[in-house]
Every structure is written in structure tokens, then in C-alpha cells.
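The values are calculated or read from the model by the stated rules, or taken from the named source; none is laboratory data. Small disclaimer: the values here were computed from a predicted structure and weren't measured. Methodologically, a virtual Cβ is constructed for each residue, glycine included, from the backbone with ideal geometry; neighbour enumeration extends over all protein chains shown.
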């Protein structure tokens, strides 16, 4: 987005805004809309679960947002995991409280993501990138991605993401990602494409 202010690292005061932007961005996503299918409660469920993940990642210094939180990105740096071991049980309890029997689908989805994740080379992991629906189509999400990738390139580090929406894959390829594999979700669910980017 031309002449947009630079992105900044999110702090604790930004938690709710980041979770809101990401929940709205992923509500119609092919994977996460399938995992949270309730037409009435799905958005609130996503808000609660995404808030958990964003809260976990905040202290890494790699949760980024644009001015007004029109877009947000959650990166996991090479020296840490997406969740700490002690967070796994609270996540399970949160999912069960939010989704009841539907928690099993989300937990299985998370396990499939974890099992397919590459571990042979240290990398930055883009767990979430989303643009608020009111600001789609103006390039804010891709501008945020490009800015964070510049910082990762400065460290000489590779980057990895899972594309849960095929419509976005050409955008990722445009900033240097290439297809790195794919895996299927349970219950006849969607396919997730893995993408890798060597540093520039």
C-alpha cells in the first residue's frame, strides 16, 4: 500500500485488536471456516482461540500490525515453538469449552499441522497473516508481509508458512515462497499447502 506507515511490533494492549482482525480475516477461510463451522458461534470461537495463540506469541517480538490494525501477522522465530508445552492443556480446555464435541476436529487439525511441519532447518514460521475485511483489496496484508520478510532477509533466515487458501498461493509465490509439500485434513477436510522461502 503506497505511502502507508511502517508496521510495528504488537504489545499487550494490541492483543484484542490483533485477535479481532485475524478472526474476521479467517472466518471464511477454507480450512478454518471448516474447522469452526458453527454459523452463529464460529466467529466468537475463532476470536477466543486466535487470542490464545496471539497472546502466546506476543513476547517473541514477532507479532506485527499495521496502523489501525488493518492487517496483522504472527511469526514464530527460529528459537521457539508455536506453543509452550505448558500451554497445550489450557488450549485443549479452551477448545472443549468453546466447541464441545467439535474440539476434536480442531485438535486433530492442529496435530496434522504440527506433524507436517519441517524441522530440518531453523526458520521463521508465519502462523497467521490476515487483513481486516474492511481493508481487503488494498495490499495492506502483502505490504506487511513484505516488510517483515525484509527483516527476516536481513538475518539471512528462511521462512515457512502453510497456505490454507489456494487463492493466496500466487501472492506468496510473488514474494519468493515456493510450494514445499501438502497434507490432508481429517474427515475429508481441505488440503493445506506448505510453502518455503529461502532468504534473499
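Within the range 65-121, the set of residues being outside any loop (DSSP other than H, G, I, E, B), closer than 26 Å to residue 14 by Cβ and touching a strand residue (DSSP E or B) at 6+ places or on another chain (Cβ under 7 Å) comprises 65, 71, 72, 73, 74, 75, 76, 113.
The criterion of at least 3 residues that are surrounded by fewer than 17 Cβ atoms within 10 Å (Cβ to Cβ) is met by the following strands (runs of 3 or more DSSP E) wholly inside the range 122-200: 178-184.
With respect to the conditions (1) at pLDDT 95 or above; (2) within 24 Å of residue 15 (Cβ to Cβ), residue 158 falls short on a single one, namely (2). Residue pairs whose Cβ atoms lie under 6 Å apart, sitting 6 or more positions apart in sequence or on different chains, and linking a residue in the range 97-111 that is without any contact (Cβ under 8 Å) to a residue 12 or more places away in the chain and on the phi < 0 side of the Ramachandran plot to a partner that is in a helix (DSSP H, G or I) and crowded, with 19+ Cβ neighbours inside 10 Å, are 103/95.
Surrounded by fewer than 17 Cβ atoms within 10 Å (Cβ to Cβ), more than 13 Å from residue 49 (Cβ to Cβ) and in contact with a helix residue (DSSP H, G or I) (Cβ under 8 Å, 6 or more places away or on another chain): is that true of residue 84 in this structure? Here the answer is yes, as residue 84 does meet what is asked.
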